[in-house]
Amino acid sequence: MTGAGRAATWTLMRQDDNGNRYEVARYGDRAEAEAAAAEFEGRGHKQLYWVARTEPVQRVEPPEELG
């Protein structure tokens, strides 16, 4: 677990023929994300798929106003 009690996630990414990158889905487990990437690649599309670790966003409270 990292951050405020939330585990890092694994993001399945896709790059199309024009070089545009998109987030496809997020998974809590790397093996699950890798399996999804393999499933997408198996469909025969020319897009590139990969899995990237995504750290949870840490919430930061704004500072109190001075004076």
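Could you work out the local net charge near T54, counting Lys and Arg as +1, Asp and Glu as -1, over the other residues with Cβ closer than 10 Å to its Cβ?
Values: positive: R26, R53; negative: E23, E55.
In short, 0.
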*Return one whole number: the accessible area per residue of the chain in Å², for a 1.4 Å probe.*
81 Å²
*Along each of the three principal axes of the Cα atoms of the chain, give the extent in whole Å, ordering the values from largest to smallest.*
62, 28, 11
*Amide H within-cut-off set for Q47, under 5 Å, with H built and near neighbours excluded*: none
*asked:* Could you give each residue of the stretch 16-28 its phi-based ³J(HN,Hα) in whole Hz, using Karplus coefficients 6.51, -1.76, 1.60 with θ = phi - 60°, and x for Gly or Pro?
replied: 8, 5, 9, x, 6, 10, 9, 7, 8, 6, 10, 9, x
*Mean separation of Cα contacts under 8 Å (6+ apart) over length of the chain, as relative contact order %*: 40 percent
*How far is helix 30-41 tilted off the main Cα axis of the chain, in degrees rounded to 10, range 0 to 90?*
40 degrees
_Can you give the local net charge around E39? Use residues other than it whose beta-carbon is closer than 13 angstrom to its beta-carbon, Lys and Arg +1, Asp and Glu -1._
-1
*Calculate one ³J(HN,Hα) per residue across the stretch 51-65 by plugging θ = phi - 60° into the Karplus curve 6.51 cos²θ - 1.76 cosθ + 1.60, and present them in order as whole Hz with x for glycine and proline.*
10, 10, 6, 10, 6, x, 6, 8, 6, 10, 7, x, x, 5, 5
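The values are calculated or read from the model by the stated rules, or taken from the named source; none is laboratory data. If you're wondering where the values come from, they're calculated on a predicted model, not measured in any experiment. Quick reminder, even Gly has a Cβ in these numbers, built from the backbone with ideal geometry, and neighbours come from all protein chains shown. These accessible areas exclude ligands, DNA and RNA; they are computed on the full protein's heavy atoms, side chains included. Shrake-Rupley method; radii C 1.70, N 1.55, O 1.52, S 1.80 Å.
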